[in-house]
Amino acid sequence: MGLMTKNQYIESLRKLKPTAYMFGERVENVVDNPRLRAGIEATGATYAMAEDPEWRDLIVTQSKLINEPINRFNNPPISVEDLVARVKINRAMGQRVGTCFQRCTGQDSMCALAVTTFDCDKKYGTPYNKRFTEFLKHMQKNDFVANASVTDAKGDRNFGPMEQPDKDVYLHIVEKRDDGIVVRGAKCHQTGSLSSHELIVLPTRAMRKGEEEFAVAFAIPSDTKGVIHVVGRSSMDTRELDGCDCGNQRYSKYAPTVIYDNVFVPRERVFLCGEWEFAADLVVYFSAFHRQSHGGCKAGKIDCMIGAAMTMMQYNGTEKVSHHKEKVIDMIHRAETLYGCSIAASYEGKQMPSGNYYIDPVLANASKIHEGKEMAEATRLMIDIAGGFVADLPSDRDFENPEIGPLLKKYLKGATQIPVEDRVKMFRFIEKLAMESADTISDIHGGGSPAAHRLTIFRESNTKDKIKAAKRLAGIES
Ligand code: SF4
């Protein structure tokens, strides 16, 4: 079929009939629900940019697999150039939508599966890489979106998967059949699951011998029987449903909990089934790739914050205030540092036995640790520059009210030449950038917890060489 336009993408979602709930009610029309549509539009921007002559060369590449142009979001990297392009695209996308565009987790799952299925087959003679390659062709040919289902509910953290009072808190295989498997469990924080054609399920953690039923990976359409998407709340969700005070004109993010209630997975879509040693690899590769992805998208989001802060300086009449300029500089260096780490992680990438390329995990995790702290700092600086109305700006409906609207406009007027309406819009946008819980919390927990990023850095760093260097310089023989 080839590349889809943004409109074709949105129409393609109409053909799906997922089971979705929000606020306790079934959502029959996902595509036209205003809250979900804002998320779909954000993912749709990955199609719109592929159509845009300014961005096409960066986003579209030639698939060696199907010998056709494809969107890079369906391209597990096979060169350093591919790794670098991932980060550049994400920065451009972050600038374009100012929030999460929800197409990277699927891409990062495919990156992890491309490497791990090959390694597993080599060890056990399993057919996973061939099956995954067929799935990848399907994704590329149709220009589909995939969504990663990774984070299990995990139940009581005192216990591993086998010891849980209710084993379903870790997604697991409940039945093996000749034609496939049946699984049960739930995956949390599934950003954009209803904007996606396919769900790719990976294990949430390393598994041990005896935990084979939890070592499972597969892909299924997002409207498969038994799959239930329960859309999570976020701080501005009812505003999106109201169509009022949204802050960002078009784009948003939503993140369902996805329940797998005895879901059948056909054999040809199963990419890991009990080989417990490879559960860890899938998690490690997926997480590292996703942390690299964040270095691009979040730098793009800080770019939006910088633009908003500088515009507010103009609108407030504080352009010449030197400490505001200092704060903008502090925001810029934060964006560039996390972007720089992700770009460096790409240039330090290595070829894996499968032929695919893998980023430097230490640099990718360094980028993510930096993000976890510094996005909050960038947000604080933006709010500091903008002023207190980020917290309690009256509603657009108050501004439209004939009795109080003119009074509000009189008292919210800032710099003489700037229309008050523009100042109000920019305050609202800053509120969205700062307060949209679904996205700001992903700055901290996206791609795993901060503790996981730190552990990975320590595990993957070559600390022996560092000790050796110190001892040599101190004149100590090892
Ligand atoms: Fe992509 Fe994750 Fe960033 Fe969202 S938060 S845009 S899925 S890297």
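The values are calculated or read from the model by the stated rules, or taken from the named source; none is laboratory data. This is a predicted model, so every value here is computed, not measured. FYI the Cβ positions are ideal-geometry reconstructions off the backbone, even for glycines, and counts take in every protein chain you see. The protein model used for the area step is the full one, side chains on, heavy atoms only, and it has no ligands, DNA or RNA in it. Shrake-Rupley method; radii C 1.70, N 1.55, O 1.52, S 1.80 Å.
Being touching a strand residue (DSSP E or B) at 6+ places or on another chain (Cβ under 8 Å) and not aliphatic (A, V, I, L, M) holds for only one residue in Gln351, Gln292, and it is Gln351.
For Glu175, state whether it is assigned to a strand (DSSP E or B), without any contact (Cβ under 8 Å) to a residue 40 or more places away in the chain and either touching a helix residue (DSSP H, G or I) at 6+ places or on another chain (Cβ under 9 Å) or open to solvent by 20 Å² or more (accessible area, probe 1.4 Å) (or both). In short, yes.
So, in region 225-273, how many residues would count as being assigned to a helix (DSSP H, G or I) and either open to solvent by less than 60 Å² (accessible area, probe 1.4 Å) or at positive phi (or both)?
The number of residues fulfilling the criteria is 3.
If we keep just the residues of region 410-433 that are under 25 Å from Val231 (Cβ atoms) and not aliphatic (A, V, I, L, M), which is most open to solvent (accessible area, probe 1.4 Å)? Result: Phe429. Within region 121-149, the residues that satisfy the criterion of being among the basic types (Lys, Arg) and either open to solvent by 60 Å² or more (accessible area, probe 1.4 Å) or touching a strand residue (DSSP E or B) at 6+ places or on another chain (Cβ under 9 Å) (or both) are Lys122, Lys123, Lys130, Arg131, Lys141. Across region 333-357, the number of residues qualifying as in contact (Cβ under 8 Å) with a residue 24 or more places away in the chain, open to solvent by 80 Å² or more (accessible area, probe 1.4 Å) and either assigned to a loop (DSSP other than H, G, I, E, B) or closer than 17 Å to Pro77 by Cβ (or both) comes to 2.
Of all residues being among the polar types (S, T, N, Q) and more than 9 Å from the ligand (Cβ to nearest atom) in region 99-120, which is surrounded by the fewest Cβ atoms within 10 Å (Cβ to Cβ)? Just the residue, please. By that ranking, first place goes to Thr117. If the condition is being free of Cβ contacts under 8 Å to residues at least 12 places away in the same chain, over 12 Å from Met382 (Cα atoms) and charged (D, E, K, R), then region 292-327 contributes Glu319, Lys320. Within region 434-443, not a single residue is of a type outside the set (A, V, I, L, M), touching a residue at least 60 places away in the same chain (Cβ under 8 Å), out of contact with any Ser or Thr (no Cβ under 9 Å at 6 or more places or on another chain) and open to solvent by less than 90 Å² (accessible area, probe 1.4 Å).
Pairs meeting the criteria (first residue in region 449-478 and more than 12 Å from Ala366 (Cα to Cα), second residue open to solvent by 100 Å² or more (accessible area, probe 1.4 Å), beta carbons under 6 Å, at least 6 apart or on different chains) are Lys471/Ser478.
Considering Arg184, Arg205, the condition of being outside any loop (DSSP other than H, G, I, E, B) and among the basic types (Lys, Arg) is satisfied by Arg184 alone. All of (1) open to solvent by 10 Å² or more (accessible area, probe 1.4 Å); (2) farther than 20 Å from Gly2 by Cα hold for Asp82 with one exception: (2).
The set of residues in region 444-466 being surrounded by fewer than 22 Cβ atoms within 10 Å (Cβ to Cβ) and more than 20 Å from Ala153 (Cα to Cα) consists of Arg454, Leu455, Ile457, Phe458, Arg459, Glu460, Ser461, Asn462, Thr463, Lys464, Asp465, Lys466. Filtering region 16-40 to residues that are open to solvent by 30 Å² or more (accessible area, probe 1.4 Å) and either within 28 Å of Asn90 (Cα to Cα) or not assigned by TED's automatic domain parsing to the domain that holds Cys104 (or both) leaves Leu16, Asp32, Pro34, Arg37. The set of residues in region 74-98 being within 13 Å of the ligand (Cβ to nearest atom) and touching a Ser or Thr at 6+ places or on another chain (Cβ under 6 Å) consists of Val87, Asn90. All told, Leu407 falls short of being open to solvent by less than 60 Å² (accessible area, probe 1.4 Å), in a helix (DSSP H, G or I) and not assigned by TED's automatic domain parsing to the domain that holds Tyr251. Residues in region 96-116 include at least one that is aromatic (Phe, Trp, Tyr), at negative phi and either within 17 Å of the chain's Cα centre (by Cα) or outside any loop (DSSP other than H, G, I, E, B) (or both). Highlighted here are the helices (runs of 4 or more DSSP H) found entirely within region 417-478 that include at least 2 residues which are at pLDDT below 90: 437-445, 450-460. Of Thr99, Thr117, all but one fail to be touching a residue at least 24 places away in the same chain (Cβ under 8 Å) and either under 20 Å from Ile220 (Cα atoms) or not assigned by TED's automatic domain parsing to the domain that holds Thr204 (or both); the exception is Thr117. Quick one: which of Asp360, Asp330, Asp396 is in the same structural domain as Arg428 (by TED's automatic domain parsing), in contact (Cβ under 8 Å) with a residue 12 or more places away in the chain, open to solvent by less than 60 Å² (accessible area, probe 1.4 Å) and under 21 Å from the mean Cα position of the chain (by Cα)? Only one candidate passes the filter, namely Asp360.
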